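The structure under discussion appears below in the form of structure tokens.
The values are calculated or read from the model by the stated rules, or taken from the named source; none is laboratory data. All values derive from a computational prediction rather than experimental measurement. Quick reminder, even Gly has a Cβ in these numbers, built from the backbone with ideal geometry, and neighbours come from all protein chains shown. Each accessible area value is taken on the protein alone, full model and side chains, heavy atoms only, with ligands, DNA and RNA left out. Shrake-Rupley method; radii C 1.70, N 1.55, O 1.52, S 1.80 Å.
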Amino acid sequence: MHQVLIAVRVIGWSTIVLSMGSCANSQLTLNAQNSTATENPALLPIVDKDPVLKQSQPDPLVSSSTVQSPPPIAPEVAKIATTKSPNLVSVPYVNPLNSIPLLAQHQIANSCQAFPCLILSQSPNHPHNRFNNPIYKLTAYRDNTSNRVFQLDAVTGRGFTQARNRYQSLTEAPLPDGSYAVASRVVVGSIREVGGTMVPIFPKQGFNPKMRRTALGIHWDPSFDKDKKEDGTSGCIGLTKKGDYHRVRDFIIKYHPRSLEVQIDR
């Protein structure tokens, strides 16, 4: 019995010694690893020193659906981002050269003293017929806009009387510039060169006191560009085409123009 107890004690102390030896070896191994890592920093474990950076870096093992949404935009930034730009009106390009005739029409329409009105004015290119008789433009307006009803070729005087006194009677010169009243009726002409009928016109009150012309009117010139002696008029406004005279006559009867503005001596 005594021998058995001695054997157990021997075995126990051996186990303790072996355990202490194992622990010593483990400590030596850990010390050796720490010593090697100290000598070589690349072998040290990676530790995130900045917790902010660690939070901002997504975990590749986490699903994209679980990634936190970005922080909300500041109110000032959101206001700028959502502010709508003012509505811009698209204006088509207009060539200034193309607008010149329209501006001229508007200026002519503004020269009417009352509407509806007729205006006898210079043609843009100052054309003449083969007998050197200037061809003017007779334009009709219903109101004070620049939308004309028509613009037709017309003459006044003859090619060889353009430089004569326009206020003196029996000169066959063109009628002088100024404002005329237009009759609302049509009368039969007394001579062939009237072309059948005419619409009488009269100088308005306040016209140039030098005026001595009478029996003036608007009619068709049946001899236009045909007979040198009779081409043109004795001072009336002559339409170059019979159909054009009918248009003027119908406009006068229907709308009763309140003035005729003659603007050819410019």
Past the 31 Å Cα-Cα mark, which pairs from Lys229/Lys254; Lys204/Lys241; Lys210/Lys242? Lys229/Lys254; Lys210/Lys242
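Suppose R0 equals 22 Å; then what is the FRET efficiency for Asp227 and His128 from their Cβ-Cβ distance, rounded to the nearest 0.05?
0.85
For region 123-266, how big is Rg over Rh, using alpha carbon atoms and the Kirkwood form of Rh?
Values: Rg = 14.2 Å, Rh = 15.3 Å.
Using only Cα positions, Rg/Rh for region 123-266 is 0.93.
Of the accessible area of region 209-266, with the probe set at 1.4 angstrom, what percent is carbon plus sulfur?
Details: 1420 of 3000 Å².
Reported share for carbon and sulfur atoms: 47 percent.
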Fully extended, how many nm does the chain gain between Phe207 and Ala183 (0.36 nm per residue separation, minus their Cα-Cα distance)? 6.9 nm
Mind listing which chymotrypsin sites (Phe, Trp or Tyr not before Pro) in region 175-266 are in a DSSP loop and have 11 or fewer other Cβ atoms within 10 Å? none
Please check which bits of region 212-239 a label hung off Ala114 would reach, taking the label as a point 7 Å along Cα-to-C-beta and the cut-off as backbone N under 12 Å. none
Length-normalised contact order of region 216-266, Cα under 8 Å, at least 6 apart, in percent, tallies to 32
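What's the extension gain from Arg258 to Ala215 if we count 0.36 nm per residue and subtract their Cα-Cα distance?
On the way: separation 43, 0.36 × 43 = 15.48 nm, distance 1.88 nm.
My answer for the length gained is 13.6 nm.
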Suppose a student asked you for the relative contact order of region 148-266, using Cα pairs under 8 Å spaced at least 6 residues apart; what percent would you report? 32
Write down the accessible area per residue of region 211-266 in Å², having rolled a 1.4 Å probe over the full set of protein chains. 49
